[in-house]
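Taking it in order: structure first as structure tokens, then the write-up.
The values are calculated or read from the model by the stated rules, or taken from the named source; none is laboratory data. Since we're looking at a predicted model, the values are computed, not measured. Quick reminder, even Gly has a Cβ in these numbers, built from the backbone with ideal geometry, and neighbours come from all protein chains shown.
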Amino acid sequence: DAEKQQNEALDTVPKKLPRGVVLGPDGKPCRSCTSFASWAAMTKRQPSNISSTTPPASAAASLSPPPNCPPDVDELGRSSWNLLHTITANYPVSPSPQQQHDARSFISSFSRLYPCWVCAEDFQQWMKDERNAPRVSSRQEFGRWMCEAHNEVNVKLGKESFNCDRWEERWRTGWKD
Ligand code: FAD
């Protein structure tokens with residue numbers, strides 16, 4: 001079956017892994033933790049969205065998993081941020097104690113179940129600092145907290161920080177200008 005074939009393929013992974021391939025707790029390459037570019041380099045498969053004349057640098061930059069395939073770390077991340085920010089955008093302006101409990105409990109479970117384990121560990125570590133504990137007492141607080149959490153990852157990955165004064169325009173109302 002498909003899972004058996006996948007496991008066999010992973011068992012024959014080259015001993016020297018290409019840069020960027022992250023292993024999972026089972027010692028096998030973790031797809032949800034690895035970019036598609038690194039994954040393709042490991043399996044030495046020519047990705048279908050890259051032509052043989054594409055220069056290697058731009059090839060790596062434009063590499064994304066083919067449709068209907070398991071997500072790589074970036075696609076999983078984008079989908080997850082879509083969900084997380086959209087949850088905050090639809091969170092009540094004045095949540096009940098039960099809704100606040102649900103929000104905390106969701107974030108806590110999410111941070112333990114997130115399939116990219118390196119991402120999950122860093123996220124949990126960041127939240128352990130009491131200054132970064134989830135703030136869920138209003139939509140504004142929760143939205144801003146999520147923006148700060150996302151910025152923490154942006155900074156770690158060398159990306160630009162997002163202006164958290166504008167989180168609601170990006171995720172709820174649409175841009176003002
Ligand atoms: P994304 O970062 O996915 O952002 C999507 C959109 O959100 C952007 O286009 C922008 O419009 C908006 N946005 C950006 N920043 C903010 C913000 N601060 N607030 C509100 N909106 C914003 N990847 C790794 O390689 N290593 C990791 O350790 C890692 N940890 C992660 C931890 C978590 C909890 C999550 C959910 C994802 C993690 N990722 C990690 C994935 C990573 O954050 C990105 O999703 C991925 O690199 C794709 O980035 P992107 O540039 O397409 O945009």
Next on the checklist: Among the residues that make up segment 154-163, is at least one of them assigned to a helix (DSSP H, G or I), at pLDDT 95 or above and away from the ligand (no atom under 12 Å from the Cβ)?
Outcome noted: no
Checklist entry - Condition test on Ser111, is it among the small types (Gly, Ala, Ser), without any contact (Cβ under 8 Å) to a residue 12 or more places away in the chain, in the same structural domain as Arg166 (by TED's automatic domain parsing) and within 16 Å of the ligand (Cβ to nearest atom)? => result no
Item to check | Verdict on Asp129 being more than 9 Å from the ligand (Cβ to nearest atom), over 30 Å from Gly20 (Cα atoms) and acidic (Asp, Glu) | outcome: no
Checklist entry - Among Val136, Val118, Val93, which is the only one that is more than 14 Å from the ligand (Cβ to nearest atom) and surrounded by 15 or more Cβ atoms within 10 Å (Cβ to Cβ)? => result Val136
Next on the checklist: Looking at segment 66-77, I want the residues that are in a loop (DSSP other than H, G, I, E, B) and have a partner that is surrounded by 13 or more Cβ atoms within 10 Å (Cβ to Cβ) and not hydroxyl-bearing (Ser, Thr, Tyr) with Cβ atoms under 6 Å, at least 6 apart or on another chain. Which pairs are those?
Outcome noted: Pro70/Arg31; Asp72/Phe36; Asp72/Pro65
Next on the checklist: Considering only segment 73-86, I want to know if a residue exists there that is surrounded by 12 or more Cβ atoms within 10 Å (Cβ to Cβ) and either more than 14 Å from the ligand (Cβ to nearest atom) or over 23 Å from Arg31 (Cα atoms) (or both).
Outcome noted: yes
Next on the checklist: I need the full set of residues from segment 123-152 which are more than 18 Å from Asp102 (Cα to Cα), charged (D, E, K, R) and in contact with a helix residue (DSSP H, G or I) (Cβ under 7 Å, 6 or more places away or on another chain), in order please.
Outcome noted: Glu148, Glu152
Next on the checklist: Suppose the filter is outside the structural domain of Thr34 (by TED's automatic domain parsing), assigned to a helix (DSSP H, G or I), in contact (Cβ under 8 Å) with a residue 60 or more places away in the chain and out of contact with any Gly (no Cβ under 8 Å at 6 or more places or on another chain); does Val118 pass it?
Outcome noted: yes
Checklist entry - Only one of (1) loosely packed, with under 13 Cβ neighbours inside 10 Å; (2) part of a helix (DSSP H, G or I); (3) within 14 Å of the ligand (Cβ to nearest atom) fails for Ser105. Which number is that? => result (3)
